[in-house]
Amino acid sequence: MQFVDLKGQYNKIKPEVDAAIAEVLAGTAFIKGPQVALFEENLSRFTGAKHVIGCANGTDALQIALMALELQPGDEVIVPSFTYVASAEVIALLGLVPVMVDVDARTFNILPESMERALSPRTKAIIPVHLYGQCAPMLEVLQFAKAHNLRVVEDTAQALGAEYLFPDGTKAQAGTMGDIGCTSFFPTKNLGAYGDGGALFTNDDALAERIKMIANHGQRVKYHHSLIGCNSRLDTIQAAILDVKLKYLPDYLKARREAAAFYDKALAETALAGYIELPYRAPYSTHTFHQYTIIAHPLQRGADASSVRDALKAHLAQAGIPSMVYYPLPLQEQEAFKGVAKAVGGLENAAGLSASVLSLPMHTELTEPIQSEVVAACKEFFAKFAL
Ligand SMILES: *Cc1c(COP(=O)(O)O)cnc(C)c1O
């Protein structure tokens, strides 16, 4: 069994993808070919973001976003401690200070109360991450940012296509609510390329212009450099592939949601018995199920949650079922961030989740027999502990 089935997905659209690649090869415009602008336009239409600017990968998108905001060395950027390293790495890379805050134990996303405690006179921006495919609490994030004059950079690498519902009934897609949204087209993401790729979203014309320049060596006119930038482009071949796959993104998201609904139903008893917690659906967001992540509870009072999670993972592995731990260490405990990042409070939820989360196989090609196998192995594991 595979954790992600990229081959099965490719086989279904092979003629279209192969033709798109062949067209790029025939045209030989490998850099900034017409397919890049076309894909950016189509993604802009899909997300509702006024500007979409392709770049080399999701990490670059985050770095370029922070560069475009003109922050000064020593400025502080609030980021959840329970996320992929890239969300915080780029902050430190630019000489800014990552200020790590706790997450909500149910949604896995930034905890609104924790932002207040992280505030200092040097706080300039906040990076909410839409982890596992569900939107962070953007209403609170945006209100907080507005009250304290902070810029908002959304990390929507895992949640392309998720939709946030505001109390007044308006909706917006992940990545289009803050000043800048950043996404990744890493092959396993909701919209995956056949290599690296990323994009930035913004509704601000001036920011869009700066982002385009920064991603292209700080130039607007060739060989005239007005900003320090970098070299980060979305390859034409990747754009051509992504443009084909974008048409199928609604189907892919539907397949993920259906697979999640199957797991929910099949694992309901196990959850009711108190062994695990199933993914929580926030009322303000749709879920794209980039990951289907359960929480393993300690089986005895005072026991270590990670021992259960790790034993479940080992049991699944023995049955030939892959599972993943995203992420085994909260960022403030990573060696690279020692002396670099500030941690605000005890970050108890982040620590607890690192010890107890387990992501089950989740992709667009799952079938009931495959999922039933996963569920049966989970149940078999917990049956040992039944009274
Ligand atoms: C994948 C990911 C990134 C980085 O994207 P790359 O394209 O791999 O550089 C950033 N943040 C989160 C939350 C991610 O999952």
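Just want to confirm a number: the relative contact order over the range 96-199, from Cα pairs under 8 angstrom separated by 6+ residues, in percent. Rounded, it is 19 percent for the range 96-199. Annotation for the range 194-262: trypsin sites (Lys or Arg not before Pro) lying in DSSP loop with at most 10 further Cβ atoms inside 10 Å of their Cβ are K222. Given R0 = 41 Å, the distance between the Cβ atoms of A376 and I13 translates into a calculated FRET efficiency of 0.85.
What the phi angles of the range 48-57 give under the Karplus curve with 6.51, -1.76 and 1.60, with θ = phi - 60°, is a coupling list of x, 6, 5, 10, 10, 10, x, 8, 6, 5 Hz, glycine and proline written as x.
Relative to the 2.2 N^0.38 Å rule of thumb, the range 199-245 has a C-alpha radius of gyration ratio of 1.30. The Cβ shell under 14 Å around P187 holds other residues with a net charge of -1, Lys and Arg each +1, Asp and Glu each -1.
Under 5 Å between amide hydrogens, which residues at least 5 positions from E163 or on another chain qualify, with H placed 1.01 Å from N in the peptide plane? Close amide H contacts, sequence-distant or interchain: A174, T286. Please report the antiparallel percentage of DSSP beta bridges with both residues in the chain, rounded to the nearest 5. In the chain, approximately 60 percent of DSSP beta bridges are antiparallel ones. What shape does the range 173-318 take by its C-alpha gyration tensor, where a ≥ b ≥ c are the square roots of the eigenvalues and a/c under 1.5 counts as rounded, a/b above b/c as prolate, and the rest as oblate? It is prolate, given that a/c is not under 1.5 and a/b is the larger ratio. Other residues within the sphere of radius under 13 Å centred on the Cβ of L25, judged by their own Cβ, net out at -3 (K and R +1, D and E -1). Using only alpha carbons, the range 37-194 has a radius of gyration to Kirkwood radius ratio (Rg to Rh) of 0.94. Amide hydrogen proximity for K32: with H placed 1.01 Å from N in the peptide plane, the residues at 5 or more positions away or on another chain lying under 5 Å are T236.
Only Cα pairs under 8 Å and 6+ residues apart enter the sum, and on that basis the relative contact order of the range 227-347 stands at 13 percent. Using the Cα gyration tensor of the range 178-225, with a ≥ b ≥ c the square roots of its eigenvalues, what is the shape: rounded (a/c below 1.5), prolate (a/b larger than b/c) or oblate (neither)? Verdict is oblate for the range 178-225.
Mean projected area of the convex hull spanned by the Cα atoms of the range 251-378, taken over all viewing directions: 9.7 nm². Applying the Karplus relation 6.51 cos²θ - 1.76 cosθ + 1.60 with θ = phi - 60° to the range 133-148 yields 3J(HN,Hα) values of x, 10, 5, 5, x, 5, 4, 5, 4, 5, 5, 4, 5, 5, 4, 10 Hz, where x marks Gly and Pro.
Here the dipole of the range 1-137 is about 180 debye; that uses its Cα centre as origin and unit charges on the Cβ of Lys and Arg (positive) and Asp and Glu (negative). Near the amide H of R220, within less than 5 Å, lie the amide hydrogens of S226, all on another chain or at least 5 residues away, with H placed in the peptide plane. Tell me whether the chain comes out rounded, prolate or oblate; compute the Cα gyration tensor, take square roots of the eigenvalues as a ≥ b ≥ c, and use a/c under 1.5 as the rounded threshold. It comes out oblate by the Cα gyration axes.
When D60, D235, D168 are compared by accessible area of protein heavy atoms, the largest-first order is D168, D235, D60, using a 1.4 Å probe.
Between V375, P250, L353, the Cα set farthest toward the positive side of the dipole of the chain (charges on each charged residue's Cβ, about the Cα centre) is that of P250.
Spatial offset of the range 234-272 relative to the range 113-128 amounts to 33 Å, using the alpha carbon center of each.
Relative to the current alpha-carbon distance between E113 and F385, full extension at 0.36 nm per residue lengthens the span by 94.2 nm. Summary value for the range 25-133: 23 percent relative contact order, contacts being C-alpha pairs under 8 angstrom separated by 6+ residues. Checking every one of the trypsin sites (Lys or Arg not before Pro) in the range 25-98 against DSSP loop status and a limit of 14 other Cβ atoms within 10 Å picks out K50.
Rounded to whole numbers, the Karplus 3J(HN,Hα) couplings from phi for the range 158-172 are 9, 10, 4, x, 6, 10, 9, 10, 7, x, 7, x, 6, 10, 8 Hz, using 6.51 cos²θ - 1.76 cosθ + 1.60 with θ = phi - 60°, and x at Gly and Pro. Net charge within 11 Å of T83 by Cβ-Cβ distance, Lys/Arg positive one each and Asp/Glu negative one each, not counting T83 itself? It works out to a net charge of -2.
The values are calculated or read from the model by the stated rules, or taken from the named source; none is laboratory data. The shown structure was predicted, so the numbers you read here are calculated from the model rather than taken from an experiment. Every residue, glycine among them, receives a Cβ derived from its backbone with ideal geometry; neighbour counts consider all protein chains shown. Just so you know, the surface numbers come from the protein's heavy atoms only, side chains and all, with ligands and any DNA or RNA stripped out. Shrake-Rupley method; radii C 1.70, N 1.55, O 1.52, S 1.80 Å.
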